[in-house]
Amino acid sequence: MKNKCLRKVVSIALVSAMIGSMAAGCGSAESDGGDKGGEKKISVMASAGWVRDIDRELAAKFEEETGIKVDIQANPDDQYNNVLKTRLSSGEGPDIFFFESGLALEQIQPDEYALDLSDESWVEKYPDWMVEQASYDGKIVGFTRWSRDFRAMLYNKEIFEQYNIEVPTDYASFKEACETLLDNGLTPVYFPAKEEWVCSQVFDGAINMETKAPGTYDKLNNNETTFSESEEALKFLNNLNDSAQSGYFGENYLSDTFDQGPAALASGQYAMWFGWSTYVNDIAAAGDIPADSWGAFPCPFADDFSTVAMTGAGMTAMINKDSENIEECKQYFDFLAEEENLQAYYDARTDLLESTMEGATATAPVCFTEIMEQTGNKTEFSTAQSIKYMSADGSFGKNIQSMFFGQMTPEQVLESMDTARSQMFETVGE
């Protein structure tokens, strides 16, 4: 008991120190110093990049209607996960906290910290895919308004038409398209390989591991197979590396950065980019190429053009089991789920393309609706959303860079991932 108390004291001290440091160094957390005159207040903790103006506007509207203040605490992105986990484990967690939805929820131990929301009225508004993303251990734990998106190849329709390039239907025809572009002095794909996270995230598109070999995801999650045993995982990396070595990413791709992407694509010197659909809005804002000028086709490196790789639903909000303001938090979620407020949210969040609840609509880019029509709405959740401990090897992105440099083979990249996941299974348990 003495040791347990000591651990709690140390945890609380650590939380206090971290929060104090953030307040002094960044000033990002907002608080009015506590309840005043019996004022009701609920605290909402999120990473700074997840909080938008519309969140604060709706929080102010909620306070005006109910008298309940919403204290949104926006924490530095690179510190958020650690601070949140420390606060929760110390018993000093916020009333509401945000985290990634889907398989990533296991990192935050929802069974220990998140309230079961399965009986809330707004749950009935969820589509089936959202129920899966907001659930943990068979229970709805997340209130989610962020939507899913694809991981696919965007392409400039005007460039393809100008050079009579057919939309690829397999990796071989993708290579043909790239060769035609190179012959005409254009770089086929803008791939900012200087960013480790971009190199890692491209593997989100490796759904061929499951679509071409059904059951692979489950076997990986049950520690019954490895990435090295997957012919489709190796095929994906071989195709990715082949594209790099063939010059399809340009001469300077290993020094190209993500933030340079919109301007580079708007310049017309690049024809394609691999990522999410709403990126077309960033390209349009950077130049004179309308968002509707971009189409999309499934990830070419997977060589499965019948299915679209889909991410999860982004960030979800959970109510702390230990909160003293559970009813107020539920009231806040009910308020946000009202049709008027839900629509206001999507009207402001042009980066979101689907509503996660009935009663509101979001405006999806043309590239998203077109690719869903092309594939008959056939989708598969990305590897990051489907496989345990995908992030176990923190050097995955760096290893892919090493593969591009010729310092590692695709086989070695997969072996490194297997080693890291094996250690996670031993540490966490199967």
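Could you go through the range 233-253 and let me know if any residue there is open to solvent by 20 Å² or more (accessible area, probe 1.4 Å), farther than 30 Å from Tyr270 by Cβ and outside any loop (DSSP other than H, G, I, E, B). The answer is no, given that none of the residues of the range 233-253 is open to solvent by 20 Å² or more (accessible area, probe 1.4 Å), farther than 30 Å from Tyr270 by Cβ and outside any loop (DSSP other than H, G, I, E, B).
Does Asp256 satisfy the criteria of being charged (D, E, K, R), within 13 Å of Phe191 (Cα to Cα) and surrounded by fewer than 24 Cβ atoms within 10 Å (Cβ to Cβ)? Write out each step before concluding.
Details: charged (D, E, K, R): yes; within 13 Å of Phe191 (Cα to Cα): yes; surrounded by fewer than 24 Cβ atoms within 10 Å (Cβ to Cβ): yes.
Spelling it out, Asp256 is indeed charged (D, E, K, R), within 13 Å of Phe191 (Cα to Cα) and surrounded by fewer than 24 Cβ atoms within 10 Å (Cβ to Cβ).
Matching residues to (1) surrounded by 20 or more Cβ atoms within 10 Å (Cβ to Cβ); (2) part of a loop (DSSP other than H, G, I, E, B); (3) not aromatic (Phe, Trp, Tyr):
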{"site": "Ala271", "(1), (2), (3)": "yes, no, yes"}
{"site": "Ser277", "(1), (2), (3)": "yes, yes, yes"}
{"site": "Asn281", "(1), (2), (3)": "no, no, yes"}
{"site": "Ile289", "(1), (2), (3)": "yes, yes, yes"}
{"site": "Asp292", "(1), (2), (3)": "no, no, yes"}
{"site": "Ala296", "(1), (2), (3)": "yes, no, yes"}
{"site": "Thr316", "(1), (2), (3)": "yes, no, yes"}
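With a requirement of 2 or more residues that are touching a Ser or Thr at 6+ places or on another chain (Cβ under 7 Å) and open to solvent by 20 Å² or more (accessible area, probe 1.4 Å), the helices (runs of 4 or more DSSP H) lying completely within the range 74-156 that satisfy it span 80-89. The C-beta contact set for the range 347-360 (first residue over 14 Å from Ser101 (Cβ atoms), second residue open to solvent by 50 Å² or more (accessible area, probe 1.4 Å) and among the polar types (S, T, N, Q), distance under 6 angstrom, 6+ apart or interchain) comprises Ser355/Thr361. In summary, Glu380 fulfils each of the numbered conditions (1) farther than 28 Å from Ile207 by Cβ; (2) outside any helix (DSSP H, G or I); (3) open to solvent by 10 Å² or more (accessible area, probe 1.4 Å) with the single exception of condition (1). Restricting Ser416, Ser402 to residues that are in a helix (DSSP H, G or I), of a type in the set (Ser, Thr, Tyr), touching an Asp or Glu at 6+ places or on another chain (Cβ under 7 Å) and free of Cβ contacts under 8 Å to residues at least 24 places away in the same chain narrows the list to Ser416.
Being of a type in the set (Ser, Thr, Tyr), in a loop (DSSP other than H, G, I, E, B) and open to solvent by less than 10 Å² (accessible area, probe 1.4 Å): is that true of Thr363 here?
In short, no.
The values are calculated or read from the model by the stated rules, or taken from the named source; none is laboratory data. All figures in this text were calculated on a predicted structure; none of them were measured in a lab. Glycine also receives a Cβ, built like all others from the backbone with ideal geometry; neighbour counts cover every protein chain displayed. Protein only, heavy atoms only, side chains kept; ligands, DNA and RNA dropped before computing areas. Shrake-Rupley method; radii C 1.70, N 1.55, O 1.52, S 1.80 Å.
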